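Single-structure report; data block below.
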Amino acid sequence: MSDELFVVTVTYSPGPHLNRFLASLAHATDRPVTVIMADNGSVDGSPEEAVERYPNVTLLRTGTNLGYGSAVNRAVAEYGLTSCTDYFVVANPDVQWGPHSIDLLLEAAGRWPQAGSLGPLIRDPDGSVYPSARHLPSIIRGGMHAVVGPLWPSNPWTAVYRQDRADPSERAVGWLSGSCLLVRAEAFADITGFDERYFMYMEDVDLGDRLGQAGWQNVYVPTAEVLHDKGHSTGRDPARNLAAHHRSTYTFLADRYPKRWQAPLRWAFRGALGARSKLVVRSSRRRQAKGQR
């Protein structure tokens with residue numbers, strides 16, 4: 001296999017974030033890099049400008065807004081990444097790379113031969129650490145986080161689910177944030193990539209779960225650091241995004257309890273998530289309306 005590293009990012013009018021993503025990438029690895037932008041219908045011209053400015057960047061137009069996981073799958077298939085390389089990177093265009101962050105992930109991959117995905121420590125723009133390495137959601141742990149989290153942010157179920165109180169250490173976890181992942185190509189092929197039913201949200205939780213079920217590990221590597229301005233994607237239409245998050249959460253939970261006798265549990269999930277979705281969407285729209293006054 002070549003030393004060339006492929007980085008897949010999904011663009012949807014990313015604005016100035018994309019230039020910071022590409023400029024900082026030079027500090028993330030000493031390897032030659034090819035960036036594949038799977039573009040879901042940008043109208044701001046930034047992907048076209050990036051192709052002109054950076055010779056290592058290529059533009060793949062998906063033709064429509066496929067969603068995150070589907071666009072990644074399209075890029076991986078179009079460029080044959082599961083057969084031409086051992087690892088590739090999947091990252092949001094609003095990520096800024098820390099020094100040697102990708103090389104540190106690659107070094108960790110050598111220490112974890114069963115790692116299907118590896119993720120760095122992720123910082124928010126204010127410098128705080130985002131809880132990007134988490135347990136898989138269970139009925140109690142994930143359910144209580146979803147139900148009481150918005151009203152009681154410091155509740156113990158959320159803390160355990162997000163591993164808020166765990167010291168940063170290199171370890172296997174349930175799932176990693178899809179905003180920045182080093183993916184083992186063999187593992188990605190083994191589970192046929194992202195589940196394309198998820199338009200946005202929960203596709204990374206599902207990926208981590210299915211990797212684990214297939215015998216692979218998800219490994220947190222906090223020596224590698226990136227910054228993620230996640231407000232770029234969530235800030236455009238927060239009410240719509242919150243509703244999409246609840247739909248994806250139901251899809252994930254319903255998949256894990258598919259049997260006929262578990263139907264009452266699925267009904268409970270749907271009812272609780274539907275009620276919570278209405279509550280948080282209404283609250284989000286109120287905040288938007290106040291901000292526009």
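The values are calculated or read from the model by the stated rules, or taken from the named source; none is laboratory data. Note that the structure is a prediction, hence the values are computed from the model and not measured. Note: ideal-geometry Cβ built from the backbone for every residue, glycine included; neighbour counts use all protein chains shown.
Could you run through segment 226-241 and say how many residues are out of contact with any strand residue (DSSP E or B) (no Cβ under 6 Å at 6 or more places or on another chain) and either at pLDDT 65 or above or in a strand (DSSP E or B) (or both)? Residues in segment 226-241 being out of contact with any strand residue (DSSP E or B) (no Cβ under 6 Å at 6 or more places or on another chain) and either at pLDDT 65 or above or in a strand (DSSP E or B) (or both): 3 in total. Filter segment 35-79 down to residues that are among the hydroxyl-bearing types (Ser, Thr, Tyr) and within 24 Å of Ile191 (Cα to Cα) and give me whichever is surrounded by the most Cβ atoms within 10 Å (Cβ to Cβ). Selected residue: Tyr68. Out of Asp44, Asp3, Asp39, Asp30, one residue alone is of a type in the set (D, E, K, R) and within 19 Å of the chain's Cα centre (by Cα). It is Asp39.
Per-residue answers, yes or no, for (1) outside the structural domain of Ser24 (by TED's automatic domain parsing); (2) assigned to a loop (DSSP other than H, G, I, E, B); (3) under 19 Å from Leu207 (Cα atoms):
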site	(1), (2), (3)
Gln96	no, no, no
Pro99	no, yes, no
Ile102	no, no, no
Leu106	no, no, no
Gly110	no, no, no
Pro113	no, yes, yes
Leu118	no, no, yes
Leu121	no, no, yes
Pro125	no, yes, no
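Applying the condition of being out of contact with any strand residue (DSSP E or B) (no Cβ under 7 Å at 6 or more places or on another chain) and of a type in the set (S, T, N, Q) to segment 12-45 and asking which residue is farthest from Thr85 (Cα to Cα) yields Ser13. The condition of being within 28 Å of Thr223 (Cβ to Cβ), out of contact with any Leu (no Cβ under 6 Å at 6 or more places or on another chain), among the aliphatic types (A, V, I, L, M) and in a helix (DSSP H, G or I) holds for only one of Val35, Val72, that being Val72. With respect to the conditions (1) more than 28 Å from Ala244 (Cβ to Cβ); (2) touching a residue at least 60 places away in the same chain (Cβ under 8 Å); (3) not aliphatic (A, V, I, L, M), Glu52 falls short on a single one, namely (2).
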